[in-house]
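Some notes on the structure that comes next.
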Amino acid sequence: MSESASTAQALEVGKARYPEEKASLRSLLSPLLFMAPAIVLVVVFFFIPVVIVLVISLTDMSTATGFNNWKWVQFDNYLRIATHPNTLPVLRNTLMYVALTLALFNVGMALVIALLTTHIPRRSGFLFRALWLLPRLTPSVVYIMMWKYVAADAPYGILNQHLLGPLGIPPTNWLPAQPWIFVILTNGFIGASFGMVIFTSAIESIPRDYMVAALVDGCSLWQRIRYLILPLLRWPLLFVTTYQTLSLLTSFEQILLLTEGQFGTEVWSLWAYQRALSNYWGNFQWGFGAALAAVLVLIGVVMALVYMRYFQFNQLVQEPKIEAL
Amino acid sequence: MKVKLENLTKRWGPVYAARDINLDINDGEFVAFLGPSGCGKTTTLLLIAGIYKPTAGRILFDDRVMNQVPPKNRNIGMVFQSYALYPHMTVYENLVFPMKLKRVPPAEMKARAQRVAEMLGISQLLDRRPGQLSGGQQQRVALGRALTKQPDLLLFDEPLSNLDARLRLSMRAEIKRLQMDLGVTAIYVTHDQVEAMTMADRVAVMKDGRLQAYCPPNELYDRPRTLFIAGFVGNPPMNFIEVEIVLRDGVYHAQRAGFDLPLLAERGGQAAGRGPVILGIRPEDVMIAEEGIAGEVYVVEPLGRDDLIDVRLGDVHVHVLADPNRRCKVGDRVHLRFNTQKIQLFDPKTEQSLLWT
Ligand SMILES: Nc1ncnc2c1ncn2[C@@H]1O[C@H](COP(=O)(O)OP(=O)(O)O)[C@@H](O)[C@H]1O
Ligand SMILES: [Mg+2]
């Protein structure tokens, strides 16, 4: 009550100082001015590329047509996707890859590491987290070569020779036999550290008194996680889930290096890459690849909206504390 | 419930936050931990709550050693300076949270929460979130949350420090009243000596992790056992004057240049022949009179009910509380009479009282 009253008062003062028309012009211009840098960035680096991709996806542009002989094909590329025999299996692969990596590692494992390392002595926690950053710091090619060495075909490989061999498990060509395990592990080991860092800092910024109060109120450590820490992590959880969903949807380099999409591990972004930029026959189908990419953008946007709905995004954002402008 | 601390010690690296604390708290007693910031009050409180593990020593509740008992099994209610209300829960959810963890039946849970809410005048706030409450309201809810679980021991960590002066006054009385009505043992940490003196049955004064004194408030005021206590307790603070005690014509005198004060035999005798000692006297125990030690008014600070007057006696300054109707002005020549019944004497090296042990 008193707050809105004082706001009204402030507005009155504002009106008194500036003539009517001038005030409305100002109130229109200044927000725009403040947002201009961000708007420019979004337009140049996001909006324009999306438009270009959408435009190209309506053409038959490829290496064969070059930049001169292409023509408009309307929605032919999209129709082709709809009827392509690979569409369903690749979509299924993509969903499995994203959902499992996200649930098991990028959010799940990240949360477990963050919770564990904030409940042990600080130094050990820090060391443990630093270890989890290593996969992210290692160049992808080196990192995947190490995995390939681990999972090399029989009779070679660390798995066959040193880990499972001694247990009496017969040597196997592990990568072809269990491609999904390795796809998810290689991506997950890298992906977990992102959420880990975000969740850790979020947990550590929970005021000490809340943590003490919960214990005095009768929480066990587990109950404190359940009733206090997790609810307070809603915002970082939404952020990490959304961000990692989108980045998993579009990331394919580990899969490319590991299996090149063989053994049934072709995912959507890899498909788009192979069609548009790395065709076996040397014919890069830019138009078709762009259509594939556009579908991916659509899926990403829909997923983001679903998450915001699910986490009740509106409740998470507070009203601005300043009512200027 | 009785509480007993035996040689309780907590060390952070080289720093002793609490050192060899021995303390007995009776059932239903209200004890204040008083000391300046950083003296180890919060640490001691959190040791009792079980958040920290003692480096050495024991904590007993009713003769039961609690060192290994986790906080959730100690049945303690705690109120924080920051309120520490869970921001994602409503007031009602905050109030019932401790009971939910104790698996109190829902009907009783609701009844107890409503009773406490009524007692504290927060019934109309039950659906709000902590972010929508004022500081005073939040502190009431925090108090309610500590009470609904019907604790055996209430801990307060500077609960009123974030409230404005007037609210602090009324909450002070209210907390004291509630504690007496409920008969629950309470420990109240504060750096505000007025709070400690007005609320507590006994005050534990702490300095640098050590217990300096543990006694009823009036004793703390009338018989300070160390220089630190004498200076910390009381407002405006006690005057300290370095003097020498000599026996002249059968009467003990406290002397220094421009200062000569005859003392009562039972006080002066304790300090005679020791070389320099520190004489302490509270501003309300010095009067401006027609005769006595001569001095000059140096500063006048009107406090409303009294004037606090800084009088210069040679090279020492003495603060005096005087009637404003006297209309003392800077530069006036005045005489001071000391209430010799209230004089304190301290050893300047050990800082211990020469009168009380
Ligand atoms: N968790 C901690 N780690 C290291 N030192 C601490 C910790 N908590 C308190 N201390 C130190 O212990 C001393 C006492 O602190 P505290 O109990 O908070 O004092 P108070 O509550 O009386 O202001 C201080 O010197 C403080 O720096
Ligand atoms: Mg403190």
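The values are calculated or read from the model by the stated rules, or taken from the named source; none is laboratory data. Keep in mind that this is a model prediction, so the values were computed, not measured. Please note: Cβ atoms are built from the backbone with ideal geometry, for glycine as well, and neighbour counts cover all protein chains shown. What goes into the accessible areas is simple: the full protein's heavy atoms, side chains included, and nothing from ligands, DNA or RNA. Shrake-Rupley method; radii C 1.70, N 1.55, O 1.52, S 1.80 Å.
Can you give me the distance in nm between label points at A:Gln312 and B:Val246, each placed 7 Å from the Cα along the Cα-to-Cβ direction?
Label at A:Gln312, label at B:Val246, 8.2 nm between them.
Probe 1.4 Å, all protein chains in place: accessible area of A:Ser201 in Å², nearest 10?
It works out to around 70 Å².
With n ≥ 4 as the cut-off for DSSP H runs, can you work out [θ] at 222 nm for the protein assembly as shown, using -39500 (n - 2.57) per run divided by the number of residues, rounded to the nearest 500? Walk me through the intermediate numbers first.
Details: 26 runs with 304 residues, N = 682.
It lands at -13500 deg cm²/dmol.
Considering the options B:Gly231, A:Val302, A:Thr63, tell which one lies farthest towards the positive end of the dipole of the protein assembly as shown, charges being +1 on Lys and Arg and -1 on Asp and Glu at the Cβ, about the Cα centre.
A:Thr63
Apply the a/c threshold of 1.5 to the C-alpha gyration tensor of chain A and tell me whether it is rounded, prolate or oblate.
oblate
Sorted from largest down, what three extents in whole angstroms do the Cα atoms of the protein assembly as shown have along their principal axes?
Its Cα atoms span 124, 82, 56 Å along the three principal axes.
Per-residue Cβ counts within 10 Å, from other chains only, averaged over B:160-173: what number is that?
Numbers: counts 0, 0, 0, 0, 0, 0, 0, 0, 0, 0, 0, 0, 0, 0.
Shielding by partners across B:160-173 averages 0.
Can you send over the solvent-accessible area of B:Trp12, 1.4 Å probe, protein chains only, in Å² to the nearest 10?
Using a 1.4 Å probe on the heavy atoms, I get roughly 110 Å².
A 22 angstrom limit on the alpha carbon distance is what I want to check against. Which of B:Lys2/B:Lys207; B:Lys2/B:Lys176; B:Lys72/B:Lys100; B:Lys41/B:Lys100; B:Lys2/B:Lys72; B:Lys10/B:Lys100 exceed it? Write down the numbers at each step before the final one.
Working: B:Lys2/B:Lys207 24 Å; B:Lys2/B:Lys176 18 Å; B:Lys72/B:Lys100 12 Å; B:Lys41/B:Lys100 30 Å; B:Lys2/B:Lys72 18 Å; B:Lys10/B:Lys100 32 Å.
Going by Cα-Cα distance, B:Lys2/B:Lys207; B:Lys41/B:Lys100; B:Lys10/B:Lys100 fall outside the 22 Å limit.
Could you state how much accessible area is buried at the A-B interface, both sides summed, with a 1.4 Å probe, in Å² to the nearest 100?
1700 Å²
Quick one: how many Å² of B:Asp347 are accessible to a 1.4 Å probe, rounded to 10?
In the full protein context, B:Asp347 sits at about 30 Å².
Using a Gaussian network model of chain A whose springs link C-alpha atoms within less than 10 Å, name the residue from A:Ile158, A:Ile120, A:Ile255 with the highest mean-square fluctuation.
The residue that fluctuates most here is A:Ile120.
How would B:Met1, A:Met146 rank on accessible area, largest to smallest, probe 1.4 Å? Before the final figure, lay out the partial values.
Values: B:Met1 35, A:Met146 110 Å².
Accessible-area ranking of B:Met1, A:Met146, largest first: A:Met146, B:Met1.
Quick check for you: with a 1.4 Å probe and neighbouring chains kept, what is the accessible area per residue of chain B, in Å²? Don't skip to the end; give the middle numbers.
Values: 16250 Å² over 357 residues.
Ligands and nucleic acids excluded, the figure is 46 Å² per residue.
Please work out, to two decimal places, the log10 of the ratio I(q)/I(0) at q = 0.11, 0.15 Å⁻¹ from a Debye calculation in which every Cα of chain B carries one identical scatterer.
-0.84, -1.19
What does the charge add up to near A:Pro121, with Lys and Arg as +1, Asp and Glu as -1, over the other residues with Cβ less than 14 Å from its Cβ? Can you show the working numbers first?
On the way: positive: A:Arg122, A:Arg123, A:Arg129, B:Lys53; negative: A:Glu204.
Residues near A:Pro121 contribute +3 overall.
Taking the Cα atoms only, what angle lies between the long axis of helix B:135-148 and the longest principal axis of chain B, rounded to 10 degrees?
Around 60 degrees separate the two axes.
Mind checking which aspartates and glutamates have their Cα closer than 19 Å to the Cα of B:Lys110? Skip sequence neighbours fewer than 8 apart in that chain.
Qualifying aspartates and glutamates at Cα under 19 Å: A:Asp217, B:Glu93, B:Glu118, B:Asp127.
I'm a student and want to see the number: the projected area of the Cα convex hull of the range B:239-346, averaged over all directions, in nm².
Working: hull surface 26.1 nm².
Mean orientational projected area (the range B:239-346, Cα hull): 6.5 nm².
Using a 1.4 Å probe and counting only protein heavy atoms, arrange A:Thr259, A:Thr65 so the residue with the most accessible area comes first. Working shown, then result.
Numbers: A:Thr259 0, A:Thr65 25 Å².
From most accessible down to least: A:Thr65, A:Thr259.
At 1.4 Å probe size, put B:His335, A:His162 in order of accessible surface, largest to smallest.
Values: B:His335 65, A:His162 120 Å².
Heavy-atom accessible area, descending, gives A:His162, B:His335.
Within 13 Å, Cβ to Cβ, of B:Glu118, how many net charges do the neighbouring residues add up to if Lys/Arg are +1 and Asp/Glu are -1? Spell out each step's value before the answer.
Working: positive: B:Lys110, B:Arg112, B:Arg115, B:Arg140; negative: none.
Net of charged neighbours comes to +4.
Starting at the first residue of the range A:245-257, write each ³J(HN,Hα) from the Karplus equation 6.51 cos²θ - 1.76 cosθ + 1.60 with θ = phi - 60°, in whole Hz, x for Gly and Pro.
So the J values, rounded to whole Hz, are 4, 5, 6, 5, 4, 9, 9, 9, 5, 4, 5, 4, 6.
Can you tally the net charge around B:Ala173? Count Lys and Arg as +1, Asp and Glu as -1, for every other residue whose Cβ sits under 15 Å from the Cβ of B:Ala173. The partial results should precede the final answer.
Working: positive: B:Arg140, B:Arg166, B:Arg168, B:Arg172, B:Lys176, B:Arg177; negative: B:Glu174, B:Asp181, B:Asp192, B:Glu195.
Residues close to B:Ala173 contribute a combined charge of +2.
Run the dipole for chain B about the Cα centre, Lys and Arg Cβ at +1, Asp and Glu Cβ at -1, nothing else charged, and hand back the magnitude in debye, nearest 20.
On the way: 46 positive and 42 negative charges, 359 e Å.
For chain B, the charge dipole is close to 1720 debye.
Take peptides A:298-309, B:226-237 and line them up by average Cβ neighbours within 10 Å, highest first, as a rough protection proxy.
Per-residue Cβ counts within 10 Å, averaged per peptide and sorted highest first, yield B:226-237, A:298-309.
Looking only at Cα atoms, what is the convex hull volume of the range B:31-118 per residue, in Å³? Walk me through the intermediate numbers first.
Values: hull volume 13.6 nm³, N = 88.
Normalising the Cα hull of the range B:31-118 by residue number yields 154 Å³.
Take B:Arg177 and A:Leu116, extend 7 Å from each Cα along the Cα→Cβ direction, and tell me the distance between the two endpoints in nm.
Each label point is offset 7 Å from its Cα along the Cβ direction, giving 5.4 nm.
About its Cα centre, what dipole magnitude does the protein assembly as shown give when the only charges are +1 on Lys and Arg Cβ and -1 on Asp and Glu Cβ, stated in debye to the nearest 20? Let's see the in-between values first.
Numbers: 65 positive and 57 negative charges, 327 e Å.
Dipole magnitude for the protein assembly as shown comes out near 1580 debye.
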